[in-house]
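Student: Before we start, here is the structure in question, set down as structure tokens.
The values are calculated or read from the model by the stated rules, or taken from the named source; none is laboratory data. Keep in mind the model is a prediction, meaning the values are calculated, not measured. Don't worry about glycine lacking a Cβ; one is built from the backbone with ideal geometry, like all the others, and counts go over all protein chains shown.
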Amino acid sequence: MGAFVISKRLNGDYKFIFASRRGKTVFTSIACKQKADCERMIAGIKENTDWFTFTKIKASGGKLFFRLSKDGLVLATSRKFTTERLLQKGIDEIVRSVASAEVLDFSELETVFPTEEEVFGMPEAS
């Protein structure tokens, strides 16, 4: 089972990724100003995968990727794949597991990582 992971970018925009059951990012969404936009896109993808188009593209370096779009609007771009077979496996994984994927929201966390002081017990510099 895969997972959608919502997070906040440094500029304040929201995004989500779809990660495979092994934890590898399959695709990353476009930037959204509101978290609710991410939630609506995720709900739409989960409920109606067949409404979306997977456009396969060959990058200049020879690697392959796809764009997920609806009515011509690109909503997400996949990671790069080395072969057509791996690209198709990525798409197949989405179609197969997206409906049952869980949604994880990490957008409210200030920082995922502890401070240097918390890790090393060092006093702050004065």
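Student: Identify the single condition in (1) in a strand (DSSP E or B); (2) touching a residue at least 12 places away in the same chain (Cβ under 8 Å) that Ile57 does not satisfy, given that it satisfies every other one.
Tutor: It is condition (2) that Ile57 fails.
Student: I would also like to ask the following. Please pick out the residue among Gly44, Gly62 that is over 19 Å from Glu108 (Cα atoms), in contact with a Lys or Arg (Cβ under 9 Å, 6 or more places away or on another chain) and either surrounded by fewer than 18 Cβ atoms within 10 Å (Cβ to Cβ) or not aliphatic (A, V, I, L, M) (or both). Reasoning before the result, please.
Tutor: On the way: Gly62 fails: in contact with a Lys or Arg (Cβ under 9 Å, 6 or more places away or on another chain).
Exactly one of Gly44, Gly62 is over 19 Å from Glu108 (Cα atoms), in contact with a Lys or Arg (Cβ under 9 Å, 6 or more places away or on another chain) and either surrounded by fewer than 18 Cβ atoms within 10 Å (Cβ to Cβ) or not aliphatic (A, V, I, L, M) (or both), namely Gly44.
Student: Mind checking which pairs have a first residue in the range 69-95 that is charged (D, E, K, R) and a second that is at pLDDT below 90, Cβ under 7 Å, 6 or more apart or different chains?
Tutor: Between residues of the range 69-95 that are charged (D, E, K, R) and residues that are at pLDDT below 90, the close pairs are Glu93/Gly2; Glu93/Ser20.
Student: (1) modelled with pLDDT under 95; (2) at negative phi: which one isn't true of Gly72, the others all being true?
Tutor: Evaluating Gly72 over (1) modelled with pLDDT under 95; (2) at negative phi leaves (2) as the failure.
Student: Please work out which one of (1) of a type in the set (Phe, Trp, Tyr); (2) under 27 Å from Glu108 (Cα atoms); (3) in contact with a Ser or Thr (Cβ under 8 Å, 6 or more places away or on another chain) is the condition Phe4 fails and give its number.
Tutor: (3)
Student: Which numbered condition trips up Lys89, out of (1) under 18 Å from Phe106 (Cβ atoms); (2) assigned to a helix (DSSP H, G or I)?
Tutor: (1)
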